[in-house]
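Taking it in order: structure first as structure tokens, then the write-up.
The values are calculated or read from the model by the stated rules, or taken from the named source; none is laboratory data. Please read these numbers as outputs of a predicted model, since none were measured by experiment. Cβ placement follows ideal geometry from the backbone for every residue including glycine, while neighbour counts extend to all protein chains displayed. The area values use the complete protein model at the heavy-atom level, side chains included, leaving out ligands, DNA and RNA. Shrake-Rupley method; radii C 1.70, N 1.55, O 1.52, S 1.80 Å.
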Amino acid sequence: MALKELFRTKPLEQAPVLGESLQPCLTAFDLILFGIGAIIGAGVFVLTGVVAATTAGPGVVFSYLMAGLASMFAALSYAELAASIGGCGSAYNYAYIGFGELLAWLIGWNLIFEYGLAVSTVAIGWAGYVNDVLLALHIHLPHSLTQGPFQGGTLNLLAVLIIGVLTALLCLGVKESARFNAVIVFIKLLTIAAFLAIALTHLQPHYWHPFFPFGWSGVMQGAALVFFAYIGFDALSTAAEETVQPQRNLPIGILVSMVVCTLIYIVVAACLTGIVSYKSLNVSSPVAAALLELHHPLAAGLIGAGAIAGLTTVMLVMFYGLTRIFLAISRDGLLPTFFANVHPRTHTPIPIIIVSGFLIALLAGILPIHRAAELVNIGTLTAFTLVCAGVIVLRRTQPALPRPFKLPLNPLIPSLGIFFCLYLMINLPAITWWRFLIWIILGIVIYFAYSKKHSRLEKTAAG
């Protein structure tokens with residue numbers, strides 16, 4: 001087997017589609033709300049406090065700024081490729097065209113892992129919040145139905161139920177999902193506004209001293225962790241096939257949602273560490289805990305509702321992104337083409353949604369997922385690095401490619417994106433790298449055992 005076969009690229013004009021196609025119905029406003037729905041969630045309601053308490057102190061503001069910069073450089077690269085190449089495969093599709101089949105498969109394999117693990121992890125957190133609300137209402141679920149078997153229970157029922165609801169919603173259609181997301185995003189933003197209104201009247205600047213109690217290295221370790229808060233924006237690029245005027249609306253959706261969410265994270269982090277000591281924030285719900293310390297129990301309850309809403313939209317958009325990447329890989333034959341069937345009425349890949357929903361619910365229902373944010377981060381950072389590199393490569397190999405949105409200062413901006421992403425990857429723990437390596441090896445085995453033999457590109461070349 002010639003080595004060049006593994007790096008054979010997919011022609012731009014080849015867009016293998018089986019059965020019904022997806023239906024363009026999303027506007028720029030839908031995409032912006034999708035982006036906010038995916039990005040604003042665990043980062044505001046959980047990670048801000050935990051990272052401030054354990055690695056960055058009040059310097060968590062700079063952790064968000066650094067992670068936001070890395071994400072913004074990647075977002076600009078995503079915007080160019082999404083507008084010029086499109087398709088529902090996101091970084092997988094861009095890698096297939098720019099770097100070849102093997103690397104594309106590994107990126108797709110990692111993205112499936114990233115999204116699946118992220119959704120199941122957020123589902124467990126969502127179930128914890130809902131269970132707290134039920135306890136406040138004096139509704140006590142049996143311990144066997146709130147924890148998985150590895151934690152002394154039988155099944156995390158609430159986590160399974162929310163995945164079931166989202167599975168049904170995604171099967172109904174993307175426009176219905178977008179409407180649901182818009183309502184929940186409004187609730188989430190209202191919650192954050194209420195917190196900021198209270199926090200701004202209770203700021204105590206002495207809580208910001210020392211600003212860098214763990215040093216700059218702590219800030220960067222915090223950036224590597226809070227990067228988890230930004231990973232949802234790349235799910236927008238999977239919506240290219242379902243977007244009206246994608247060449248215009250995708251860049252708008254990606255860039256506007258990134259800027260808005262970065263500003264929200266920085267302001268919330270500054271306010272949170274300015275109303276209580278950062279040392280007290282290493283709890284499961286730091287924003288609500290801070291409001292309780294300020295004797296605002298009603299606002300703390302509102303934050304709990306906002307956290308539930310926020311985590312719901314994160315799950316919805318990332319679940320959506322997983323199914324579209326899965327669809328793109330199946331269309332290319334690297335996974336069974338049965339999954340590429342799109343329902344003629346709902347225009348959704350129902351087989352993929354059901355299978356993915358079952359597996360995610362299984363993970364969320366029975367497994368305790370530790371260090372999940374780090375595992376998700378390394379897969380995302382790898383994809384971001386390849387997308388930034390893809391902009392540079394395709395400018396050279398495909399100079400005539402129409403680019404409705406053209407990234408300025410090329411190759412400086414994508415190079416900065418590569419640098420920031422690699423720097424954040426270096427700051428992840430060694431155990432994360434070992435787990436990532438095991439997943440890569442498993443992906444290579446699957447590729448040579450199944451994917452390469454069934455690849456549509458391989459069959460085309462053989463024919």
Next item on the list: Report, by chain and number, residues whose modeled amide H sits under 5 Å from the one on residue 296, excluding near sequence neighbours (fewer than 5 apart, same chain).
Entry: none
Checklist line | Nearest-10 value in Å² for the accessible area of residue 453, using the 1.4 Å probe | finding: 130
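If you roll a 1.4 Å probe over the heavy atoms of the protein chains, what accessible area per residue do you get for the chain, in Å²?
Each residue of the chain exposes 38 Å² on average to a 1.4 Å probe.
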Item checked: Under-5 Å amide H pairs with residue 26, H placed in peptide plane, nonlocal only -> 243, 244
Checklist line | Estimated FRET transfer efficiency when R0 is 22 angstrom, pair residue 448-residue 338 (beta carbons, to 0.05) | finding: 0.55
Check: Hey, what do the phi angles of the stretch 332-346 turn into as Karplus ³J(HN,Hα) couplings, whole Hz, using 6.51/-1.76/1.60 and θ = phi - 60°, x for Gly and Pro?
Finding: 7, x, 6, 10, x, 5, 3, 5, 7, 5, 10, 5, x, 8, 8
Next item on the list: Using the charge dipole of the chain (Lys, Arg: +1 at Cβ; Asp, Glu: -1 at Cβ; taken about the Cα centre), state which of 181, 23, 204 has its Cα farthest towards the positive end.
Entry: 23
Item checked: Extension gain (nm, one decimal) between residue 419 and residue 141, 0.36 nm per residue minus Cα-Cα -> 95.3 nm
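Grab the alpha carbons of the chain, take their convex hull, and tell me the volume per residue in Å³.
Numbers: hull volume 63.5 nm³, N = 463.
Enclosed volume per residue, from the Cα hull, is 137 Å³.
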Checklist line | Sulfur and carbon atoms: percent of accessible area, the chain [1.4 Å] | finding: 72
Notebook entry, point to check: In degrees, nearest 10, range 0 to 90: what is the angle between the Cα axis of helix 157-172 and the longest Cα principal axis of the chain?
Noted result: 40
Note to self: Rounded, prolate or oblate for the stretch 61-200? Axes are the square roots of the Cα gyration tensor eigenvalues, ordered a ≥ b ≥ c, and the cut-off for rounded is a/c under 1.5.
What the structure shows: prolate
Next item on the list: Would you kindly state how much longer the chain becomes between residue 27 and residue 245 on full extension, computed as 0.36 nm times their sequence separation minus their alpha carbon distance, in nm to one decimal?
Entry: 77.7 nm
Check: Ranked highest first by average number of other Cβ atoms within 10 Å, how do 234-243, 297-306, 269-278 line up?
Finding: 234-243, 269-278, 297-306
Next item on the list: About the Cα centre of the chain, how large is the charge dipole given +1 on each Lys and Arg Cβ and -1 on each Asp and Glu Cβ? Please answer in debye to the nearest 20.
Entry: 680
Notebook entry, point to check: ³J(HN,Hα) across the stretch 74-84 via Karplus (A = 6.51, B = -1.76, C = 1.60, θ = phi - 60°), whole Hz, x for Gly/Pro?
Noted result: 5, 4, 4, 5, 4, 4, 5, 6, 5, 6, 9
Margin query: Less than 24 Å apart at the alpha-carbon level, and either on another chain or at least 8 residues along: which lysines does that give for residue 452?
Written below: 4, 10
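Rounded, prolate or oblate, given the Cα gyration tensor of the stretch 269-320, with a/c below 1.5 counting as rounded? Display every interim value, and only then the final one.
Numbers: a/c = 2.95, a/b = 1.81, b/c = 1.63.
Judged from the Cα gyration tensor, the stretch 269-320 comes out prolate (a/c at least 1.5, a/b above b/c).
Would you please name the trypsin sites (Lys or Arg not before Pro) within the stretch 295-363 that are DSSP coil residues with at most 12 other C-beta atoms within 10 Å of their C-beta? Please report the intermediate quantities before stating the final value.
Numbers: sites: 324, 331, 345; in loops: 345.
In loop regions of the stretch 295-363 (DSSP not H, G, I, E or B), the sparsely surrounded trypsin sites (Lys or Arg not before Pro) are 345.
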Item checked: ³J(HN,Hα), Karplus 6.51/-1.76/1.60, whole Hz, each residue of the stretch 304-319, x for Gly, Pro -> x, 5, x, 5, 4, 5, x, 5, 5, 5, 4, 4, 4, 5, 6, 4
Note to self: At 7 Å along Cα-to-Cβ for each site, give me the label-to-label distance between residue 212 and residue 161 in nm.
What the structure shows: 4.8
Notebook entry, point to check: So what is the calculated 222 nm ellipticity per residue for the chain, using -39500 (n - 2.57) for each DSSP H run with n of 4 or more, over all residues, to the nearest 500 deg cm²/dmol?
Noted result: -21500 deg cm²/dmol
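If I stretch the segment between residue 430 and residue 134 completely, what's the gain in nm (0.36 nm per residue apart, minus their alpha carbon distance), one decimal? Before the final figure, lay out each step's value.
Working: separation 296, 0.36 × 296 = 106.56 nm, distance 3.86 nm.
Gain on stretching residue 430 to residue 134: 102.7 nm.
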Next item on the list: Express in whole angstrom the spacing between the alpha-carbon centres of the stretch 139-204 and the stretch 264-283.
Entry: 22
